[in-house]
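Chemist: I am attaching a structure below and will ask some questions about it afterwards.
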Amino acid sequence: MADETSIKQMLVKIVQECTKPTRIEEGVITKRKPLAVTLVNDKKMKLSQTDLILPERLEKEGALETGDKVNLLVCNNGKIYYVLDKS
């Protein structure tokens, strides 16, 4: 049940911060520590830990590994990327 609260809080934060239309992108974890993600549709777009917001349930050790694909919610004209879950 705690995850539902975290997801709800994350979605509320997304709605509050997003002023432009959002979209979903797929990314690949290229490095775990520090976290780095490359977009599947744009290999030149490399996201660092400062670009990403990771839910608490995915911050746990072993939840995400190098090579895992993740769904990203893109907000604020591509300035904020929320990691929703593994693809």
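Computed from the coordinates by the stated procedures, all read-outs in this text should not be read as laboratory data. Bear in mind the structure is a predicted one, so any value in this text is a computation, not a measurement. No Cβ is skipped: glycine too gets one built from the backbone with ideal geometry, and neighbour counts run over all protein chains shown.
Chemist: Between exposed GluC sites (Glu not before Pro) in the chain, where DSSP calls loop and at most 12 other Cβ atoms lie within 10 Å, what's the longest gap? Don't skip to the end; give the middle numbers.
Modeler: On the way: sites that count: GLU61, GLU65.
Free of exposed loop sites, the longest segment is 1-60.
Chemist: Could you give the length gained on full extension between ALA63 and LEU11, defined as 0.36 nm per residue of separation minus the Cα-Cα distance, in nm? Can you show the working numbers first?
Modeler: Values: separation 52, 0.36 × 52 = 18.72 nm, distance 2.03 nm.
This chain segment gains 16.7 nm when fully extended.
Chemist: Relative to the present Cα-Cα distance, how much length would full extension add between GLN49 and VAL28 at 0.36 nm per residue of separation? Before the final figure, lay out the partial values.
Modeler: Numbers: separation 21, 0.36 × 21 = 7.56 nm, distance 1.33 nm.
Length gained between GLN49 and VAL28: 6.2 nm.
Chemist: From the Cα gyration tensor of the chain, with a ≥ b ≥ c the square roots of its eigenvalues, which class applies: rounded if a/c is under 1.5, or else prolate if a/b is larger than b/c, or else oblate? Don't skip to the answer; put the middle values down first.
Modeler: Numbers: a/c = 1.95, a/b = 1.10, b/c = 1.77.
Oblate, because a/c is 1.5 or more while a/b does not exceed b/c.
Chemist: Take every DSSP beta bridge with both residues inside the chain and express the antiparallel ones as a percent of the total, to the nearest 5.
Modeler: Working: 19 of 21 bridges.
Taking every DSSP beta bridge with both residues in the chain, the antiparallel ones total about 90 percent.
Chemist: While we're here: Per-residue ellipticity at 222 nm for the chain, helices alone: DSSP H runs ≥ 4 residues times -39500 (n - 2.57), over residue total, nearest 500 deg cm²/dmol? Walk me through the intermediate numbers first.
Modeler: Details: 2 runs with 20 residues, N = 87.
Computed mean residue ellipticity for the chain: -6500 deg cm²/dmol.
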